[in-house]
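Have a look at the structure below before the remarks.
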Amino acid sequence: MRPLRACIDVLVVGCAATALVTALHLYESNLAEESVVDATRAALSSIRAEVGIHSAVGDVELNEFGHPNTIESAWFDQSPSRNMLANANAPWIELAQPGEFDRNHPRDPTFRGGSGAMFWYNPIRGIVRARVPDQTTDESTLSLYESVNGEDWKP
């Protein structure tokens, strides 16, 4: 009877250890994802601030609506702010096309949309949005997009 009890004890301890390791791994991966989202929010905020500064100062060519026609990487001291959710070699900013000038959000909030750029800029409205990677469901993709950009996505 003793060997059977020892096997059961080892099995219980092994299952508990596996559950603990799994929980720690999930916790760490959740923290890492939150960190990447926070870094992307900070990058987006930096780009928005630069657009606002250049719109107010008028040191670049502005369109008839008072916004810069484009966003220049030279506006940033060391390097342009990056979307940490994107592939490192993804295009930086995609400008809204004439059919999108009335939009507050890109037609597709994911990297597969448009040129797959990290960010989308509507120069008519002066709006910058961060694109996100596809998630397992459309709902989770939109939730991530809304979380990163700080507002609801309304196509």
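All of the numbers you see were taken from the coordinates with simple rules; none came from a lab. Since this is a predicted model, take the numbers as computed values, not measurements.
General observations
- Residue among G116, G58, G126 with the largest mean-square fluctuation in a Gaussian network model of the chain, springs linking Cα atoms under 10 Å: G58
- Antiparallel %, DSSP beta bridges [both residues in the chain], to 5: 55
- Once backbone amide H atoms are built at 1.01 Å from N, R131 has F119, W120 as its partners under 5 Å, excluding neighbours fewer than 5 places away on the same chain.
- The chain shape via C-alpha gyration tensor axes, a/c threshold 1.5: prolate
- For the chain, the mean residue ellipticity at 222 nm estimated from helices alone is -16000 deg cm²/dmol, where every DSSP H run of n ≥ 4 contributes -39500 (n - 2.57) and the total is divided by all residues, rounded to the nearest 500.
- Cα gyration tensor, the range 54-110 - rounded (a/c under 1.5), prolate or oblate: oblate
- Gyration tensor verdict on the range 83-155 (Cα atoms; rounded if a/c is under 1.5, prolate if a/b is larger than b/c, oblate otherwise): oblate
- GNM on the chain, alpha-carbon springs under 10 angstrom: the most fluctuating residue among N89, N69, N104 is N89.
- Segment N104-S143, length gained on full extension (0.36 nm per residue, minus Cα span): 12.4 nm
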